[in-house]
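Enquirer: Below is one structure. I have some questions about it.
The values are calculated or read from the model by the stated rules, or taken from the named source; none is laboratory data. Because the structure is a prediction, the values reported are computed rather than measured. Cβ coordinates were reconstructed from backbone atoms using ideal geometry, including for glycine residues, and neighbour counts include every protein chain displayed.
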Ligand SMILES: Cc1ncc(COP(=O)(O)O)c(C=O)c1O
């Protein structure tokens, strides 16, 4: 049989790949598993959205191919949302494109903008479709470590000049997964200015724009002056409306950027089921008052998770946004060993920072996607594992860093 392509072989193992199997084994052994792995809450979408989907499923035309255009009602609802929420006008037909989840669009965009050997600048730790899209397009990732010392922000002035010269894409994601960091407005202004100077496309991943707390309101990159010239922004129905499995999102930006992505997609997919686009339009148009009630539930979970994990020995502040806490580990505790022992000994699934690349070492990610009671229970179990590991230092000294996949450069 033909061998896999170099492209495929350059991909690391996907961080969540082995988890469902491990989880099934533990459950089969009767373990009370608490899964805080994926950013996938145990909450329902709004009921009007479910009703709209069931109505739409009975309309025969909804079952036909959506193609790139999709449901115009959805495009128009997105345009109304962008206007209402961020004060930004977009032409629904030319400056918005429906996606099969934002992950799909983020990954595919690289095919429109990266030639073989071009660089993208990728946050590490960061969402894996930046890396995946780049490597599948035979580009090279320049990984920039997001660390507490740099406020989890990428400083382009610290990227080597030869990389900047060949860089075509900068991926930014604030509110950030997994660190839950937010970006100050002045930082975004500076980044937009630098991307313009350097002729780099700013891919702004705004999947968590509606999941914020304590009065913080995440901006759209398009609220920053000049961003229209350099940025494309990705949004998701998944987190805002508890619709992760529905696979629906959008990208918006100037016509040229959207047309590039649309062309790639037209050879790869035929659009999300239009019944789902209809339901998503209902979510965008009719659920403005539902969102704060959902965010309030996430806030209860955030408070429980941040407080309980802090008490358990992982000092972490309550984040201003997202559904994650990025918990620090003591220096001598490798994150992969900690994650494995927490899973095997206590049945709690978290994501070790090293799964997001070496830059994530020293941390683990908790998704606050279950009830406060379960989060407190998970934190108590994590605290027990930490104590045991600290009582026998050296046992887990091995780090479990993956070999660096080909085609990557590090900051
Ligand atoms: C930062 C970030 N971007 C994009 C996505 C993809 O979301 P979806 O494809 O469900 O719209 C996720 C999902 O976890 C994410 O964390």
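Enquirer: Identify the single condition in (1) in a strand (DSSP E or B); (2) within 16 Å of the ligand (Cβ to nearest atom); (3) surrounded by fewer than 22 Cβ atoms within 10 Å (Cβ to Cβ) that residue 153 does not satisfy, given that it satisfies every other one.
Expert: Here residue 153 meets the rest and fails (1).
Enquirer: Same structure, new question: Which members of segment 1-19 meet the condition of being assigned to a loop (DSSP other than H, G, I, E, B) and more than 15 Å from the ligand (Cβ to nearest atom)?
Expert: Passing the criteria: 1, 2, 3, 4, 5, 10, 11, 12, 13, 18.
Enquirer: While we're here: Please find, within segment 104-122, the residue that is nearest to residue 146 (Cα to Cα) out of those that are within 13 Å of the ligand (Cβ to nearest atom) and in contact with a strand residue (DSSP E or B) (Cβ under 8 Å, 6 or more places away or on another chain).
Expert: Taking segment 104-122 first, the residues within 13 Å of the ligand (Cβ to nearest atom) are 104-109, 122.
Those still in the list that are in contact with a strand residue (DSSP E or B) (Cβ under 8 Å, 6 or more places away or on another chain) too: 104-106, 109, 122.
Working: 104: 24, 105: 23, 106: 20, 109: 23, 122: 10 Å.
Ranking the qualifying residues of segment 104-122, first place goes to 122.
Enquirer: Out of all the residues in segment 125-136, which are under 11 Å from residue 10 (Cβ atoms) and either touching a strand residue (DSSP E or B) at 6+ places or on another chain (Cβ under 7 Å) or buried (at least 22 other Cβ atoms within 10 Å of the Cβ) (or both)?
Expert: Residues satisfying the conditions are 131, 134, 135.
Enquirer: Still on this structure: Out of 109, 71, I need the residue that is crowded, with 21+ Cβ neighbours inside 10 Å and under 25 Å from residue 179 (Cβ atoms). Which one? Steps first, answer last, please.
Expert: On the way: 71 fails: under 25 Å from residue 179 (Cβ atoms).
Criteria check complete, one pass: 109.
Enquirer: State all residues of segment 89-103 that are under 14 Å from residue 280 (Cβ atoms) and within 16 Å of the ligand (Cβ to nearest atom); if no residue qualifies, say none.
Expert: 96, 97, 98, 99, 100, 101, 102
Enquirer: Condition (residue is part of a helix (DSSP H, G or I) and in contact (Cβ under 8 Å) with a residue 12 or more places away in the chain) applied to segment 312-324: is it met by at least one residue?
Expert: The answer is no; no qualifying residue exists.
Enquirer: Within segment 240-247, identify whether any single residue is in a helix (DSSP H, G or I), touching a helix residue (DSSP H, G or I) at 6+ places or on another chain (Cβ under 9 Å) and surrounded by 18 or more Cβ atoms within 10 Å (Cβ to Cβ), and answer yes or no.
Expert: Taking every residue of segment 240-247 in turn, at least one turns out to be in a helix (DSSP H, G or I), touching a helix residue (DSSP H, G or I) at 6+ places or on another chain (Cβ under 9 Å) and surrounded by 18 or more Cβ atoms within 10 Å (Cβ to Cβ).
Enquirer: Among the residues of segment 312-320, are any over 30 Å from residue 5 (Cα atoms), touching a strand residue (DSSP E or B) at 6+ places or on another chain (Cβ under 7 Å), at pLDDT 95 or above and surrounded by fewer than 16 Cβ atoms within 10 Å (Cβ to Cβ)?
Expert: Taking every residue of segment 312-320 in turn, at least one turns out to be over 30 Å from residue 5 (Cα atoms), touching a strand residue (DSSP E or B) at 6+ places or on another chain (Cβ under 7 Å), at pLDDT 95 or above and surrounded by fewer than 16 Cβ atoms within 10 Å (Cβ to Cβ).
Enquirer: Kindly establish whether residue 225 is away from the ligand (no atom under 16 Å from the Cβ), assigned to a loop (DSSP other than H, G, I, E, B) and either buried (at least 18 other Cβ atoms within 10 Å of the Cβ) or at pLDDT 95 or above (or both).
Expert: So residue 225 passes the test.
Enquirer: Just one of the numbered conditions (1) buried (at least 24 other Cβ atoms within 10 Å of the Cβ); (2) under 18 Å from residue 207 (Cβ atoms) is not true of residue 144; which one?
Expert: The failed condition is (2).
Enquirer: Continuing with this model, one more query. For residue 169, are the conditions met, namely being in contact (Cβ under 8 Å) with a residue 60 or more places away in the chain and within 16 Å of the ligand (Cβ to nearest atom)?
Expert: Against the criterion (in contact (Cβ under 8 Å) with a residue 60 or more places away in the chain and within 16 Å of the ligand (Cβ to nearest atom)), residue 169 qualifies.
One line per residue, one yes/no per condition, for (1) over 22 Å from residue 113 (Cα atoms); (2) in contact (Cβ under 8 Å) with a residue 12 or more places away in the chain; (3) within 16 Å of the ligand (Cβ to nearest atom); (4) surrounded by 17 or more Cβ atoms within 10 Å (Cβ to Cβ):
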site: 181; (1), (2), (3), (4): yes, yes, yes, yes
site: 200; (1), (2), (3), (4): no, yes, no, yes
site: 206; (1), (2), (3), (4): no, yes, yes, yes
site: 214; (1), (2), (3), (4): yes, yes, no, no
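Enquirer: Does segment 163-187 hold any residues that are under 18 Å from residue 227 (Cα atoms) and assigned to a helix (DSSP H, G or I), and which are they?
Expert: Within segment 163-187, 185, 186, 187 qualify.
Enquirer: Go through the residues of segment 57-74 one by one and say whether even a single one is on the phi > 0 side of the Ramachandran plot and either part of a helix (DSSP H, G or I) or within 16 Å of the ligand (Cβ to nearest atom) (or both).
Expert: Yes, some residue in segment 57-74 is on the phi > 0 side of the Ramachandran plot and either part of a helix (DSSP H, G or I) or within 16 Å of the ligand (Cβ to nearest atom) (or both).
Enquirer: Conditions first: (1) assigned to a loop (DSSP other than H, G, I, E, B); (2) at pLDDT below 95; (3) in contact with a helix residue (DSSP H, G or I) (Cβ under 7 Å, 6 or more places away or on another chain). Residue 22 passes all but one, so which condition is the exception?
Expert: Residue 22 satisfies every listed condition except (1).
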